[in-house]
1. Given springs between every Cα pair under 10 Å in a Gaussian network model of the chain, which of A153, A201, A177 has the largest fluctuation?
2. Please give the net charge around P272, taking every other residue with its beta carbon less than 13 angstrom from that of P272, where Lys and Arg add +1 and Asp and Glu add -1.
3. Please report, in debye to the nearest 20, how large the charge dipole of segment 159-303 is about its Cα centre when each Lys and Arg carries +1 at its beta carbon and each Asp and Glu carries -1 there.
4. Taking 0.36 nm per residue of separation and subtracting the Cα-Cα distance, what length does fully extending R205 through S37 add?
5. If each residue of separation counts as 0.36 nm, what is the full-extension length gain between S65 and N247 once their alpha-carbon separation is subtracted?
6. Could you size up the charge dipole of segment 1-97 around its Cα centre, putting +1 on the beta carbon of Lys and Arg and -1 on that of Asp and Glu, and report it in debye to the nearest 20?
7. Evaluate the distance, in nm, between pseudo-label points positioned 7 Å from the Cα of I270 and of A284 along their respective Cα→Cβ axes.
8. Loop-only trypsin sites (Lys or Arg not before Pro) in segment 1-78, please: DSSP not H, G, I, E or B, and at most 16 other Cβ atoms within 10 Å.
Amino acid sequence: MADLNVNIGKLKLKNPVMTASGTFGYGEEFSDFMDLSRLGGFIVKGTTLHKREGNPYPRMAETPSGMLNAVGLQNKGVDYFIHEIYPRIKDTGTNIIVNVSGSSIDDYVQAAGLINELDKIPAIELNISCPNVKQGGMAFGVSAKGASEVVKAVRAVYGKTLIVKLSPNVTDITEIAQAAEDAGADSVSLINTLLGMAIDAETRRPLLSTITGGLSGAAVKPIALRMVWQVANKIKIPVIGLGGIMNWKDAVEFILAGATAVQIGTANFIDPAVTLKVIDGINAYLDRHNFSSVSDIRGALIL
């Protein structure tokens, strides 16, 4: 058995495998299929300061080797999470990370400040792909200035591990990652979904109510892998890789590209226990190649 322990800032993971926000609910939904305590951690669905109804249906569509979603961060707000969800999941035996979203810097700051008080939530993941309503809907994460402002503001009120989730819908993702690091992030996770769309040729209508949505699944993996490699070679803080990881081999590729840990998203919809298979697969790979630790293969791409 190889050593699978990794550190993300002050956050200690028993292995590098986590689940991606929006694909794993609050963890409870998967407890019948797997032992949650075996995970390095899981990231709960996007949580906002106030309740959000999300977008109208239809808001999911299958695409070749992937899926589009336009759920729109439907959730019951941070107070509901604190009083109703947190007491039920706090003793699952692994790291619980809350994905925090907002439409203004103040939204992020207030939500992060409240979650900071929860003893058994050791980290948050900031979703900076949200539209900044005060800047006409432009996402915080598409400019270095926007990313820096929100990360700096949250860092001032949040004392635990701060992960910033980066949008791939930018010209140079390394510039955004550098801005997040400089503003106080402990880690970055990438990539969030790519903007895409799907059309029904027979009805001549878009398949999503919002016309466009976020593309995830195997189709985005080559792009995600490239961006993880670029960012890992640019910044000093740990990189968490995600985007199209469907099996252990995909996960190993992300670690070779420089990721300290990985998140699995769309694959959870296909196989609810895929994360455990990935953990076992990484361990078997390390044993087969005579590596004693997962850290030995981080960034070990031979060029």
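1. Most flexible of the set in this elastic network: A201.
2. -4
3. 60 debye
4. Stretched fully, the R205-S37 segment lengthens by 56.1 nm.
5. 64.1 nm
6. Value, rounded to 20: 320 debye.
7. Here the answer is 1.7 nm between the modelled labels.
8. Filter output for segment 1-78: K10, K51, K76.
Read-outs throughout are calculated quantities, based only on the coordinates presented, and are distinct from any laboratory measurement. A quick note: this is a predicted structure, and the numbers were derived from the prediction, not measured. Positions of Cβ are backbone-derived with ideal geometry, glycine not excepted, and every protein chain shown enters the neighbour counts.
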